[in-house]
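The values are calculated or read from the model by the stated rules, or taken from the named source; none is laboratory data. Because the structure is a prediction, the values reported are computed rather than measured. Cβ placement follows ideal geometry from the backbone for every residue including glycine, while neighbour counts extend to all protein chains displayed. For accessibility, only protein heavy atoms count, side chains too; no ligands or nucleic acids. Shrake-Rupley method; radii C 1.70, N 1.55, O 1.52, S 1.80 Å.
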Amino acid sequence: MIKAVVVDMDGTFLNSKHDYNREWFKEIYQKLSKQNIRFVVASGNQYAQLKSFFPESHENISFIAENGALIFEQNTLIREHHFEIDLVGQIITYLKDTHPDVDMILCGIASSYIEKNTSERFKSIAQTYYHKLQEVDHLQNFCEDKYVKFALSVPVSQTEQIQDSLQTYFGHQIVAVSSGHGSVDIIIPGKHKADGLSFLAAKWGISPEDILAFGDGNNDVEMLQYVGHSYAMKNGSSLVKEASKNLAPSNDESGVLQIIETYL
């Protein structure tokens, strides 16, 4: 019996136009609520951005944000983990020295931060994903927040090489994970989507076997391996498909909603 449904957003729940079938979801969400099935959003994105997609019902939706570092229930932060500030400085220095062509966003609990001299193209993209975003002169000199993640935009052809170089240099202090399309996240070791989901499952008294989850990117792998009912999107990465028990139609076919409806 399904007791919780968990969805990644970009490339999974959201279509190529960065939206979803809202009327269809409204019908499905009402059915989930009547059956006391919880709905969870698990994403590498910022909480402020994630909740904006659910203006009518987000108070009853749980959010695993920033790849598991932050968990919100009923608009309240109920768990957080962050990097040590010295390590944050080391990562910034390393990226500037070794990969100067990489654009970066430093993600904090209160806000996210980007340098003023960053290209206008990247700033425009960042504003789509970070509804709380501040421009600062230098990331190294900005230490007023607790930092949970780095979001990097790298040349697509160098994604794997940069990911590997970060992992080799910093070792067990970080995890560098790609979500595709030239995006690399630097996250806290062990604080991935599956870790956040296991926290909620324990809190609710739910078995992993009773959870239905969907994903498309490599940062979804642990979550899909954790749950009993796992679906890779048709448009997902090969690694995600290997980690999942089932295949869902693509995000542009409302594949998540199709599958949920079959379960209901």
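See the values below:
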{"item": "Flag for Asp185 being open to solvent by less than 20 Å² (accessible area, probe 1.4 Å) and either in contact with a His (Cβ under 8 Å, 6 or more places away or on another chain) or part of a strand (DSSP E or B) (or both)", "result": "yes"}
{"item": "Residue check for Glu73: touching a Cys at 6+ places or on another chain (Cβ under 8 Å) and closer than 23 Å to Pro208 by Cα", "result": "no"}
{"item": "Answer residue from the stretch 101-112, given it is under 15 Å from Ser153 (Cβ atoms) and modelled with pLDDT of 90 or more and is most open to solvent (accessible area, probe 1.4 Å) among those", "result": "Asp103"}
{"item": "Filter result for Phe39 (assigned to a strand (DSSP E or B), touching a strand residue (DSSP E or B) at 6+ places or on another chain (Cβ under 9 Å) and either open to solvent by 10 Å² or more (accessible area, probe 1.4 Å) or at pLDDT below 95 (or both))", "result": "no"}
{"item": "Residues of the stretch 162-182 that turn out to be among the polar types (S, T, N, Q) and surrounded by 20 or more Cβ atoms within 10 Å (Cβ to Cβ), as a count", "result": "3"}
{"item": "Pair list, Cβ under 8 Å, 6 or more apart: the stretch 65-82 residue more than 20 Å from Arg38 (Cβ to Cβ), other residue among the hydrophobic types (A, V, I, L, M, F, W, C) and not in a strand (DSSP E or B)", "result": "Ala69/Ile188; Glu80/Ala69; Glu80/Ile109; His81/Ala69; His81/Ile188; His82/Ala69; His82/Ile109; His82/Ile188"}
{"item": "Test: residue in the stretch 8-30 that is open to solvent by 60 Å² or more (accessible area, probe 1.4 Å), among the hydroxyl-bearing types (Ser, Thr, Tyr) and either in contact with a helix residue (DSSP H, G or I) (Cβ under 8 Å, 6 or more places away or on another chain) or at pLDDT 95 or above (or both)", "result": "yes"}
{"item": "Breaking point among (1) in contact with a His (Cβ under 7 Å, 6 or more places away or on another chain); (2) in a helix (DSSP H, G or I); (3) within 17 Å of Gly217 (Cα to Cα), for Ala194", "result": "(1)"}
{"item": "Residues located in the stretch 117-144, provided they are open to solvent by 30 Å² or more (accessible area, probe 1.4 Å) and closer than 24 Å to Lys51 by Cβ", "result": "Ser124, Ile125, Gln127, Thr128, Tyr129, His131, Lys132, Leu133, Gln134, Glu135, Glu144"}
{"item": "So Asn45, is it in contact (Cβ under 8 Å) with a residue 12 or more places away in the chain, surrounded by fewer than 13 Cβ atoms within 10 Å (Cβ to Cβ) and either outside any helix (DSSP H, G or I) or touching a helix residue (DSSP H, G or I) at 6+ places or on another chain (Cβ under 8 Å) (or both)", "result": "no"}
